[in-house]
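Here's the structure we're looking at; comments come further down.
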Amino acid sequence: MIIKKILINSLLVLGAVVFSLLVTEGISRIVFSPDDYLKPELLKDRFGVRIQPNSAGHDAWGFRNKSVPRHADIVAIGDSNTYGIAAIASESWPSLLQKQTGRVVYNLGMPGYDTVGYAHLLKDRAISLNPSIVIIGFYLGNDPWGTYKTVYLYGLNPDLKDPDFVLAPGDDHSESKETATPDLSLWADIRLWFGRNSVLFNLARDSDAIRFLYDRLPSAAGKSYVILEDHRYNIHTVLQPESLRAVNLDDPTVREGLRISLEIISGMNNLCRSKGIEFLVVLIPSKIAVYSEYIKDGPDERYHQELIESVEYERLINEWVQSYFQKHNISYLDTLGPLRGATHREQVYPGNADTHPNHHGYKIIAEVIARYLDHPHPPGIEEEEVRP
């Protein structure tokens, strides 16, 4: 009798919990747009993965737009920083640029892509929209390294290889996508299902509080996460020292990837010019570079030497890129100064280990571009660092 009573009470409690979750899920779908939170279906392609067309709010081409227009004034091409990871679709920098300028902006950002993919998107998609300007979001944090892997490991565009490029034993620290081990556990399948079907699940999983707590767990400590806090400016976030590997110029694969990236960008610039399309490259810094002053001068001595080295390597990459663009007359904007200056007054990245800007950061990037479009300047003139 007692066991039966316990069982009945347990079922009642379980039913109440399930009912409450269903009601909360329904409310979440009313308050929040499901398209901004449900995870889209992914398809394999030669550049890694792409998004299933018409999946979770993506358009008929599989990009983060409401629809594919016949014409776009501006086409933005890039990786996850252009796609707008860590923000809803309306708060990606291409969407905010459209709001600020009143011009039609089409977002061709695709997570995981690099300059090889950007060139493909330019030829295959962007030009068909007859834009007046194409903007490339070039992520200094890993685009060169990703480009190396795409060409040398994945076998795309082999003509871009340097026939004299030879790695010494142990120099290649890249990971082939064929060797990546997918998570095939039941828990992974459950997470995937909820990610594609539950707004509530995604809201909870992606919240700063949950992810910040996760980054403090002992299981996350092995990933070399560093908690960055500066109470003077209400800064609390997480940095990843392991990002050093993607900018380490002592690694020949990074240098070779940078060379190829610049060659590809030059080719895109020439293609656009030949068709009467303006071409602009927006340099997007890493999270570590943006918070560099807090790494060097912060009171917490736990900061890893890798972070400082990462900042210095990225500075050298930035100088290399700008010098190349000036020499080849490629218009560009460097957003490091404005993003770095904004850290004194607002949080421009999520308060967890996510390396992408949040909506504040994307707004700053959009503002930098909008100012340029209003008052174009010659290549080589950088955006000033904005201080409060």
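Every number in this text was worked out from the coordinates using simple rules, so none of it is lab data. Please read all numbers here as calculations on a predicted model, not as lab measurements. Note that we place each Cβ from the backbone using ideal geometry, even for glycine, and neighbour counts take in every protein chain shown.
A straight line joining the Cα centroids of region 100-145 and region 259-275 runs 12 Å. Label-to-label distance, Ile6 versus Asn270, with points set 7 angstrom from Cα along the beta-carbon direction: 7.8 nm.
Inter-label distance, Asn157 to Ile88: 3.6 nm, where each label sits 7 Å from its Cα along the C-beta direction. Listing Tyr372, Tyr294 from fewest to most neighbouring C-beta atoms within 10 Å gives Tyr372, Tyr294.
Beyond 26 Å in Cα-Cα separation lie the following of the pairs Lys66/Lys123; Lys123/Lys287; Lys44/Lys275; Lys287/Lys327; Lys123/Lys161; Lys99/Lys149: Lys123/Lys287; Lys44/Lys275; Lys287/Lys327; Lys99/Lys149. Here the peptides 229-237, 108-116, 363-371 are ranked by packing, the mean other Cβ count within 10 Å, and the order with the highest first is 108-116, 363-371, 229-237.
Each peptide in 81-87, 246-252 was scored by the mean count of other Cβ atoms within 10 Å over its residues; highest first, the order is 81-87, 246-252.
Loop-resident trypsin sites (Lys or Arg not before Pro) (DSSP state other than H, G, I, E or B) in region 57-123 with no more than 16 further Cβ atoms inside 10 Å of their Cβ: Lys66, Arg70, Arg103. Legend: ranking of residues Thr335, Thr343, Thr147 from fewest to most surrounding C-beta atoms inside 10 Å; resulting order Thr343, Thr335, Thr147. As a proxy for reagent exposure, Phe63, Phe138 were ordered by neighbouring Cβ count within 10 angstrom, fewest first; the result is Phe63, Phe138.
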